[in-house]
Amino acid sequence: MPPKPAEEEEPEEPEEGSVPVPPCLAWTDLKKTDATEFVRLGTAEEAIQFVVEKFDLKDFESNAKSTILLDLYLWTLSCCLQAMLRESDDWRRFCKEAGLSEEKTSALFTIMKRLHEHSKDHDDVLSAFNLFKQMLLQHSLANTQGCVELYSPTEVKMITQFVHTTFLQHYRLYRFANTRDQEKDQFSTCLFVNTAPAPPPLLAGKVDEEKKAVQEQVAEEKPDDKEAKEEVAKEEKKVGRWG
C-alpha cells in the first residue's frame, strides 16, 4: 500500500492587530501592541523615545527632516489616543472629541504617513486633499466594494476638519522640507595658544656664585645688626630714666 500523504498543517491565524486586513489600512505601520504601549507612556520624553526607536529617527537632533517627521508622528498618535495635550486650541478640541480606538488610530496614522510621503512628489495641495479624501472614505463606507466602515460620519467630519486646518494648511512647508536639502555653513580656523615652556630639570640647575656671596654676606651682618639694636635700646632706657 502506498504511504499516506502527510497531512498539511493549517497555517496559524495571525494575532489580532498584528497584520493589516485589506482594504483596511489598520495595523500597517502601527500594530495594536504599539498603540497600547504608547498610551501607557507617562512622559513626553518616553513618547519621543518610543517614536524614535519605532520609526528609526535617531538622527532627529541633527536632521531637520527627521525632526519634522517625528513631530508629525507624535502629533498623530497623541491627538488620536489622547496621550498628551498641546497648547493649541485645535489640538485640545480634537483630543477631547476624538478618543479613537487603537484600530482607528492605526488606520489614521498610516493615512497621515502616506499623505506625508505624497508631499515629496506632488506640489499641488489639491491632489493631497483628494488622496486624503479617498483614503478616509475607504474607511468610512459600508456595503461598498473596496471599503470598510471604520469611522463614523461624525469622526469623518472631525478628522477632515482637523487635518485640513493643520497638515494641509501647511502642506507646502512640508513639501519644501521634504524636497530641499538643509543648508549647512561650515567654517574652519586655526587657533594658536601660547603656553609656558617646560621648566628645566632641577639636576641641571647651577649655583649662582655671586648671589651666593651676597646671601652669605647678609647672613654675617645679621648678628651685628642685632647687637646694634640692643645698644640702641639700652641708650633709650637711660635717656628715659634721667629725662
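The values are calculated or read from the model by the stated rules, or taken from the named source; none is laboratory data. Every value quoted in this text rests on a predicted model; they were computed, and no experiment measured them. Neighbour counts are summed over all protein chains in view; Cβ atoms, including those assigned to glycine, are modelled from backbone coordinates with ideal geometry. Remember, those area values only see protein heavy atoms, side chains included, never the ligands or the DNA or RNA. Shrake-Rupley method; radii C 1.70, N 1.55, O 1.52, S 1.80 Å.
Ordered by 1.4 Å accessible area with all protein chains kept, Phe162, Phe55 run largest first as Phe55, Phe162.
Here the calculated FRET efficiency for Ser127 and Ser101, from their Cβ-Cβ distance with R0 = 22 Å, stands at 0.15, rounded to the nearest 0.05. Calculated FRET efficiency, Ala142 to Gln186, Cβ-Cβ distance, R0 = 51 Å: about 0.30 to the nearest 0.05.
Computed from label points 7 Å out along Cα-Cβ, the spacing between Glu45 and Thr67 is 2.0 nm. Of the accessible area of the stretch 102-158, with the probe set at 1.4 angstrom, what percent is carbon plus sulfur? Its accessible area is 49 percent carbon and sulfur atoms. Looking at the stretch 109-206, the trypsin sites (Lys or Arg not before Pro) that sit in a DSSP loop and have at most 12 other Cβ atoms within 10 Å of their own Cβ are Lys120, Arg180, Lys184, Lys206. For Asp121, the solvent-accessible surface with a 1.4 Å probe is about 120 Å², rounded to the nearest 10.
Of Lys58/Lys157; Lys65/Lys104; Lys54/Lys157; Lys54/Lys104, which pairs sit farther than 28 Å apart, going by alpha carbon to alpha carbon? It would help to have the intermediate numbers written out before the result.
Numbers: Lys58/Lys157 35 Å; Lys65/Lys104 26 Å; Lys54/Lys157 30 Å; Lys54/Lys104 19 Å.
Going by Cα-Cα distance, Lys58/Lys157; Lys54/Lys157 fall outside the 28 Å limit.
A full extension of the chain between Lys120 and Lys54 corresponds to an added length of 21.6 nm, given 0.36 nm per residue minus the alpha carbon distance. A simple packing score, the average count of other Cβ atoms within 10 Å per residue, orders the peptides 145-151, 21-27 as 21-27, 145-151, with the highest score first.
Here the gap between Glu15 and Leu203, fully extended at 0.36 nm per residue and compared with their Cα-Cα distance, gives a gain of 59.5 nm.
For Thr28, the accessible area of its heavy atoms, probed at 1.4 Å with every protein chain present, is near 50 square angstrom.
The accessible area of Glu117, taken with all protein chains in place and a 1.4 Å probe, comes to roughly 80 Å².
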